[in-house]
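The values are calculated or read from the model by the stated rules, or taken from the named source; none is laboratory data. Everything numeric in this text was worked out from a predicted model, so none of it was measured. Cβ atoms come from the backbone with ideal geometry, glycine included; neighbour counts cover every protein chain shown. For accessibility, only protein heavy atoms count, side chains too; no ligands or nucleic acids. Shrake-Rupley method; radii C 1.70, N 1.55, O 1.52, S 1.80 Å.
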Amino acid sequence: MSNRSTIISARGLGGRLAQLCAKWARTTLFIASLSIAFCGWLSATQLTFEAGQEGLVDQNEPFFDDIDHFYEVFPQLKDTVLVIIDAASLDDAEDLASTMATKLRAEPELFASVYYPEADPFFQKNALLFLEIEKLNTLVDRLAKAQPALAAIAREPNLNGIFDLIDLGVTAQENGTDLPPNFIQIVDEVAAAVQALGEGHDARLSWSDLMAEDGNDRARLRILMVQPPPERDTMTERRMIKRLRDLAAQSSALKSGASISVTGRLALAYDEIETAKRGVGIAGTVSFVFLGIVLFLGLPSLRMNLAILATLLAGLAWSLGFAARVVGSLNLISATFAVLFIGLGVAHALHVCLRYREYLMKGMPHFDAIGQAARTTGGAVTLCALTTAIGFAAFVPTAFLGIAELGLIAAGGMGFALLAAFTVLPAALTLVHSENTKIRKPWLHPLGALISPKRRFALLGVIFAILGGAYVAMTGLQFNFSVMSIRDPGAESVRALAFLQAKKIESDFIIMTLAPNMAEAEHLKEQLLLLPEVAEVRTPQTYVARDQQEKLYIIEDAVFFLGPALQIRQPAPLDPLSRQKAVKSFIERINTSAGQDPATLKSLQNLASVFDALLRSPDSDKKLQHIDEELTRTALRQIERLQTSLQAQPYDFDDLPAEMRARLVASDGSVRVSIFPAEDIVDVHALIRFVNAVQPLSPQATGRPVIETGVGHIVVTSFIEAGLYAFIAITLLLIIVLRNAHDTALVLAPIILAGILTIATANYFNIPFNFANVIAIPLIFGLGVDSAIHFVLRTKEETSPDEVVTSSTPQAILLSSLTTIGAFASLSFSPHKGIASMGTLLTVGITWSLICTLLVLPALLRISHEARGYLKKND
């Protein structure tokens, strides 16, 4: 009697409220519809979305202070968006970069600062000084061999000059001497360009690539550093990234083989929001479809299913309105609430509805069945709502604000789901009720026969599962708090960042620190380079070329033999007749040549046939003029580039461009030091090693690796705290409500086993805990205990556990668990790996909880029932 007296108020209130709403069904649903519309409007207009780690934990953490201080010293580096231009040629890369820079500077309301260092004349003039001596010697040797070719074009920058260049190779072919550098490639590229231009397509011959060092793909890369306005909101940031990508798509479409990608914190946050939205949309659809299938198969009554869906809609709308008012914005994790609610929001309604159906089958009138169903399930449903809310809210007292927000929203959502089950559901059932509705019997009768004779084996299995699962769980518990490891690897910003890291190009996913002066920066660099975890350290002196005097001697030698060859003449442009004559002479020269190398002959003959076809085509004069201009323009550009680079002069740090110096040494004299990892820090163990190695030498070191590590420690601590909070709070609640340690133990036993088996399964299948899925264990405690509560409390109403397994309660447990599993499993389809892992882990946990509740708990209840009967018999 004590158990029942504890929850009698919830039962009585639920019964009276349900009967009242059933009596005034139309009024109840009208009021509910108005509130749904209002909450829908509220959530649509006031609920925003934010991404990134900054909103996941308290901003007053020391590692956030460090990065804030760093950006105070170097404000031009804060929130920098990197625009990466990777083109098929150096000329295309430079053209695209210049075009993009011009377009971005024309929109200062979105792009406050655009920095394109390669465009600075200083770097164009001193480009050769940044090469290693060995590479510089190699380049100069190649230019020496190309000197006759360069001279041919400079002497006559038109088709005649290009034909003279090719004739050098033809003569070498005939004489059996060395061909000019990249001769066959030049011939093939000229043939391809002429054919494309003749057909009206865009094509450009990049002489810079043909004469540069083989495999130097870094030369075809250009990077713009773009900053948003300092005073902005989230919507401005999103417009900025979207506009950037629109401009990038328009520009890259102009150059064949070119790509422009965007990365940086703001771009990563933008992609994370888009990925999360897409993932939630996919998961919501899958979850809703799965819910429909479960309801159709488990509750084959269209009328009841419609009533349950109406209840779900009301609870979801109220919860989102509550989120809009209380939280105001959703983060990556809390955005999953809507999907979770599709599975969780029907659980209470299912128990009430199935109990209602059970009473109808016994011949009870509709209104009496509703009231009795609400009264008999009210206590269990209310208790389950509380335990589920506790499971969600367990993170609220922790420092992990990201899940704390989800906990707060979901805890409120469970209250709204409970309210809907006792208001909207009775009203909806009344409207759809028909006295002619055929009620089918429950279909879980065999459960009692399955468990009863095997209860001792089930208990033995529990013991082995606890021992084995605990061993696997505790020996391989894994945490991975690397943000990059849970983002969508196919997102543009993630791919671009991985590209930068592979190329050792600076981004904010390196460690940055400050030194008080140049000398201290160089001393710190020496210490850091002794660490095996550090691959490279850059200080301001890194941008001052080494061995300048020796390199300048090499450049002087190049000037001696290249200088005359690079003197561009300006002859009169070729007229149509002269072009026709030059082309015909070239074709005849190729056709009459007698070379020794078949591959070279094949390329030359292909080029001759392309020009021959061009002569025979309509408007050949106009086409030849266009080809003449395009081919020689890029050749002259390369010659001018070489002329500029041969003017290199010795320099020191003070000679660097002012904007570059300001990005390396702050106005207060602080010096920036950039530290690159030796390992791939997407791996959390490598990330920890990198940060732990650097911080003793530079305690104020900052950057995304340091922030990830700091946030990761908070997540791990919060995970442990939330697990303890959930377990303690739920245990105390059960003891208070049930007033019986024995019943409390029965309720907790299957869920403890499910928790152990969940961790063991995660470890076995290498599913580490991360930022998103750490909610799993506390939530499994809160959700998994619900089924056990329904089972145990229903046992109190019957004479033996066997009667429970043939009632509607196991079916309600199964159906509500399946809808929950469907919601969680649907998250596994998300392209965001963090959300997907959360769905996977929760699916595993609730599945184990269902198995333990339906198979283990009945066996324990029978053993307990028999033991009590034996004790009473012997009293």
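For the reader, a short list of remarks on this structure follows.
- Odd one out for GLY161 among (1) open to solvent by 30 Å² or more (accessible area, probe 1.4 Å); (2) within 21 Å of THR600 (Cβ to Cβ); (3) of a type outside the set (A, V, I, L, M, F, W, C); (4) touching a residue at least 24 places away in the same chain (Cβ under 8 Å): (1)
- Some residue of region 388-411 being more than 29 Å from LYS277 (Cβ to Cβ), buried (at least 24 other Cβ atoms within 10 Å of the Cβ) and in contact (Cβ under 8 Å) with a residue 60 or more places away in the chain: yes
- Test result for ALA373, touching a residue at least 40 places away in the same chain (Cβ under 8 Å), open to solvent by less than 10 Å² (accessible area, probe 1.4 Å), out of contact with any Cys (no Cβ under 7 Å at 6 or more places or on another chain) and not β-branched (Val, Ile, Thr): yes
- Meets criteria (open to solvent by less than 60 Å² (accessible area, probe 1.4 Å) and of a type in the set (D, E, K, R)) for GLU640: no
- Only a single item in (1) outside any helix (DSSP H, G or I); (2) under 30 Å from THR311 (Cβ atoms) is not met by GLY40, and it is number (1).
Quick grid of which residues meet (1) open to solvent by 10 Å² or more (accessible area, probe 1.4 Å); (2) without any contact (Cβ under 8 Å) to a residue 60 or more places away in the chain; (3) under 32 Å from the mean Cα position of the chain (by Cα):
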{"residue": "THR702", "(1), (2), (3)": "no, no, yes"}
{"residue": "VAL706", "(1), (2), (3)": "no, no, yes"}
{"residue": "THR709", "(1), (2), (3)": "no, no, yes"}
{"residue": "THR717", "(1), (2), (3)": "yes, no, yes"}
{"residue": "ALA722", "(1), (2), (3)": "no, no, yes"}
{"residue": "TYR725", "(1), (2), (3)": "yes, no, yes"}
{"residue": "LEU748", "(1), (2), (3)": "yes, yes, no"}
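- Index of the failed condition, LYS242 passing every other in (1) charged (D, E, K, R); (2) touching a residue at least 40 places away in the same chain (Cβ under 8 Å); (3) in a helix (DSSP H, G or I): (2)
- Residue, surrounded by the most Cβ atoms within 10 Å (Cβ to Cβ), within region 340-370, restricted to residues that are without any contact (Cβ under 8 Å) to a residue 60 or more places away in the chain and not hydroxyl-bearing (Ser, Thr, Tyr): ALA369
- Filter result for SER334 (open to solvent by less than 10 Å² (accessible area, probe 1.4 Å) and in contact (Cβ under 8 Å) with a residue 60 or more places away in the chain): yes
- Test: residue in region 80-87 that is polar (S, T, N, Q) and farther than 26 Å from SER329 by Cα: no
- Of note, LEU757 satisfies the criterion of being open to solvent by 20 Å² or more (accessible area, probe 1.4 Å) and among the hydrophobic types (A, V, I, L, M, F, W, C).
- Some residue of region 48-66 being in contact with a strand residue (DSSP E or B) (Cβ under 9 Å, 6 or more places away or on another chain), in a loop (DSSP other than H, G, I, E, B), among the small types (Gly, Ala, Ser) and at pLDDT 90 or above: no
- Residue selected from region 614-637 under the condition touching a residue at least 12 places away in the same chain (Cβ under 8 Å) and among the acidic types (Asp, Glu), by the criterion surrounded by the fewest Cβ atoms within 10 Å (Cβ to Cβ): ASP621
- VAL774 meets all of the listed conditions (1) under 24 Å from ALA276 (Cβ atoms); (2) in a helix (DSSP H, G or I); (3) modelled with pLDDT of 85 or more but one, namely (3).
- Flag if THR592 is without any contact (Cβ under 8 Å) to a residue 24 or more places away in the chain, within 30 Å of MET518 (Cα to Cα) and open to solvent by 20 Å² or more (accessible area, probe 1.4 Å): no
- Listed by position, the helices (runs of 4 or more DSSP H) inside region 469-577 whose residues that are at pLDDT 85 or above and either open to solvent by 10 Å² or more (accessible area, probe 1.4 Å) or β-branched (Val, Ile, Thr) (or both) number at least 3 are 492-502, 518-528, 548-562.
- Filter result for the condition that a residue is within 36 Å of the chain's Cα centre (by Cα) and either closer than 28 Å to ARG616 by Cα or of a type in the set (Lys, Arg) (or both), over LYS551, LYS525, LYS584: LYS525
- Here LEU47, LEU129, LEU139, LEU82 are screened, and the one residue that is in contact (Cβ under 8 Å) with a residue 40 or more places away in the chain, surrounded by 15 or more Cβ atoms within 10 Å (Cβ to Cβ) and in contact with a Lys or Arg (Cβ under 8 Å, 6 or more places away or on another chain) is LEU129.
- Criterion: at negative phi and touching a Gly at 6+ places or on another chain (Cβ under 6 Å) - qualifying residue of VAL326, VAL381, VAL346, VAL339: VAL339
- Restricting attention to region 87-131, the residues being over 31 Å from the mean Cα position of the chain (by Cα), closer than 18 Å to ALA658 by Cα and in a loop (DSSP other than H, G, I, E, B) number 2.
- Every condition in (1) in a loop (DSSP other than H, G, I, E, B); (2) at pLDDT below 90 holds for GLN647 except the one numbered (2).
- Residue within region 110-124 that is among the acidic types (Asp, Glu), closer than 26 Å to SER261 by Cα, modelled with pLDDT of 90 or more and open to solvent by 10 Å² or more (accessible area, probe 1.4 Å) present: yes
- Residue match in region 252-269 (condition: at pLDDT 85 or above, open to solvent by less than 30 Å² (accessible area, probe 1.4 Å), outside any helix (DSSP H, G or I) and among the aliphatic types (A, V, I, L, M)): yes
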